[in-house]
Amino acid sequence: MKILLFNPPAPDGRAYTREGRCTQEAGVWGTQWPPLSLATAAALLRQDGRQVTLRDYPAAGRDLRALAEDLRGLQPAFAIWSTGTPTLRHDIALARLVRKEVPAAVTAVLGTHVTVRPEEALAEPALGAVIRGEPEGIIRELCRHDSGFGQVAGLSWREGPGGQIRHNPDAVPLAPEAIPAADWEGLDLDGYRLPLKGRRFLIVAPVRGCPWRCTFCTAPLYYGSRLRRRPAAAVVAEMAANAERFGVREFFIWADTFTADRQYVRELCRAIVASGLRVSWTCNSRVDTIDEETLRLMKAAGLWMISYGLESGSDAVLAASRKGITAAQSAAAVTLAHRLGIRVAGHFMFGLPGETEGTMAETLALALALPIDIAQFYVAAPFPGTALEDEARGKGWLRDAAVASQSSAVMELPGLSPARVEAFRRHAYRRFYLRPRAAARLLAMAEPAAVAHLLSPVRRFLRWLG
Ligand code: SF4
């Protein structure tokens, strides 16, 4: 039985990552994330003896014609693809292309948006099913039960053409020991390059779930709120296997919040050190889940850059978004990492509830004051299923046709238009990066081998800055 799993071609030639809570256009650095969920599903399916083809069309620079060719050539029994909020209409319409090329194929989509609004996706008659929440186990069960959708927990589906939409009960998330190493076989890994370093990288995901409830975040919709920690030995073995099989020693440690359980992080770092594996990695973190001992251990195990969700320089805005941190905690965590020789990526967001001209200026001032090496400025996106969306709808901040995206503001906040938020975002990028200090930091990080991979994103970025 042939199965095609894919991250769809990008609309308008733009590259998109559609991975759990991260559904966004490739950032200003043009970085495309490897499709972790699809590669993990591929691992489970291959354990079942299925013949899986894995494709990431945006990463490979391939378009709809390539997808059509693959469909014609493979004639898969199942075609399953990821979706994101900003590209949803385009992603769902692909069901018609699949149906045209392989009329008998079972079609199904995954992603946080369709998890919350399966009916919206199933309004497309060519689409067979929606996979809700954590997808890999559901995909495996779907491919085991090709006789019908009714027995597969976690699916929403339409009973017959034009029939009623059915929502099966939620699926039980995979137990941590049952989460396999992602299997990247079949992908062109040259499409995944670290910004500035230019080296190929892969994702390793040791932890799933996030116990926090930030109003803007879709994390709980995908992996849930309960932390699930894979055995440290399995994570180390996965890194070692990727190094041996693909020659990749750079990793992004992917988690909703990797440092949510510091004891686990220390255990994993000690296991990496004890293995003698020479790897280099980055991870995300919250500023209130870090301390010097843990950071030192992380550095010894290969951490070179830590990404903090700092969001805002205003404590009032942070409190309103239930982020549960303060600007002072952000300053302390960034300074500590910098002192220990770990690069810092700071992620900020403009246009959260309570935002004003003054609080946006506070955020920019914080970004400029701290020793941050890479800053990312987003706009607050009221993604479906978040408390932020409820609030935005309840308060009339959203126009009906608004499509949430982290790079395009849509909320009409009191006294603050979407256009103004976007203009400030661009201003923040200009102020942050067009400083000698910021340029020097970037140059210090850049590797000569990366120059070829840097030119086009830097040109694009400068054009965008205007
Ligand atoms: S800490 Fe907040 S922003 Fe980070 S993953 Fe959890 S809910 Fe999302």
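Read-outs: derived from the displayed coordinates by stated rules, not from any lab. Since the structure is predicted, the reported quantities are computational estimates derived from the model, not experimental observations. Here the Cβ positions follow ideal geometry from the backbone for every residue, glycine too, while neighbour counts run over all protein chains shown.
Observations, loosely collected:
- Antiparallel bridge percentage (DSSP; both residues within the chain; nearest 5): 25
- Distance from the C-alpha centroid of the stretch 137-191 to that of the stretch 213-270: 22 Å, rounded to the whole angstrom.
- Share, in percent, of DSSP beta bridges within the stretch 2-167 that are antiparallel, nearest 5: 35
- Taking 4.7 Å between C-beta atoms as the pairing limit, the chain has these partnerless cysteines: Cys22, Cys143, Cys210, Cys269, Cys283.
- Over all pairs of different C-alpha atoms in the stretch 1-73, the reciprocal of the mean inverse distance, the Kirkwood hydrodynamic radius, equals 13.0 Å.
- Local charge for Arg200 was computed over the other residues whose Cβ lies under 13 Å away, with Lys and Arg +1 and Asp and Glu -1, and equals +1.
- Packing-based order for 306-313, 8-15, 432-439, 236-243, using average beta carbon neighbours within 10 Å, highest first: 306-313, 236-243, 8-15, 432-439
- Applying both filters, DSSP loop and at most 14 other Cβ atoms within 10 Å, to the trypsin sites (Lys or Arg not before Pro) of the stretch 252-325 gives Arg278, Arg322.
- Modelled FRET efficiency - R0 41 Å, Ala361 with Asp170, Cβ distances, 0.05 increments: 0.40
- Bridge type composition, the stretch 145-277 - antiparallel percent by DSSP, nearest 5: 65
- Projected onto planes of every orientation and averaged, the convex hull of the alpha-carbon atoms in the stretch 193-465 covers 14.4 nm².
- Dipole magnitude (debye, nearest 20) for the stretch 346-408, charges at Cβ of Lys, Arg, Asp, Glu: 120
- Taking other residues whose beta carbon is less than 11 angstrom from the beta carbon of Glu267, and scoring Lys, Arg as +1 and Asp, Glu as -1, yields +3.
- At q = 0.06 Å⁻¹ the log10 of I(q)/I(0) for the chain amounts to -0.25, computed by Debye summation with a single uniform scatterer per C-alpha, solvent ignored.
- Couplings 3J(HN,Hα) of the stretch 435-441, computed from phi: 10, x, 5, 5, 4, 5, 4 Hz, in residue order, whole Hz [Karplus 6.51 cos²θ - 1.76 cosθ + 1.60, θ = phi - 60°; x for Gly and Pro].
- Relative contact order (%) - the chain, alpha-carbon pairs under 8 angstrom, separation at least six: 12
- The dipole here belongs to the stretch 2-167: it is taken about the Cα centre, uses +1 on the Cβ of Lys and Arg and -1 on the Cβ of Asp and Glu, and is about 200 debye.
- The chain - charge dipole about Cα centre, Lys and Arg +1 at Cβ, Asp and Glu -1, debye rounded to 20: 920
- All lysines inside 18 Å of Lys395 as judged from Cα atoms, apart from same-chain residues fewer than 8 positions distant: none
- Once you reduce the stretch 296-329 and the stretch 405-423 to the center of their Cα atoms, the two points are 23 Å from each other.
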